[in-house]
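FYI, it's all coordinate maths here, none of it is from the lab. The model shown is predicted, which means the values in this text are computed figures rather than measured ones.
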Amino acid sequence: ILLEFFNTVLMTFGMKTVNPVMEVHLQGENPFCFLEFRSARDNMDAFQMLQGLTLGECQLRISKPMDFQVPPPELMDFEVPDDINDPKPRPRPKPAPAAPAP
């Protein structure tokens, strides 16, 4: 249910990747979870999009691990495939071209 919730919210907020959250890891009785994203860029975008989000009556606190490091630019758009045995990477949607300046 949480996986579907986060994917639906992110796509509603404008995330271009289909199902950017691959897994939700719950930590026993603790009131928190970890989200595993399809790419580093999805992670970075979701971090901004999910700030202030509420679930039921709870406002979610979104944070990253203390040892989190931004990956190098060449790895930002690498996507984890749905099937690790599939050698073909999924095409990433191209961003819309910028509007010409007036």
Expressed in Å to one decimal, the Kirkwood Rh of the range 2-75 from all distinct alpha-carbon pairs is 13.1
Counting sequence-distant residues (5 or more places) and residues on other chains, those with an amide H built under 5 Å from that of Met22 are Glu36, Phe37, Arg38
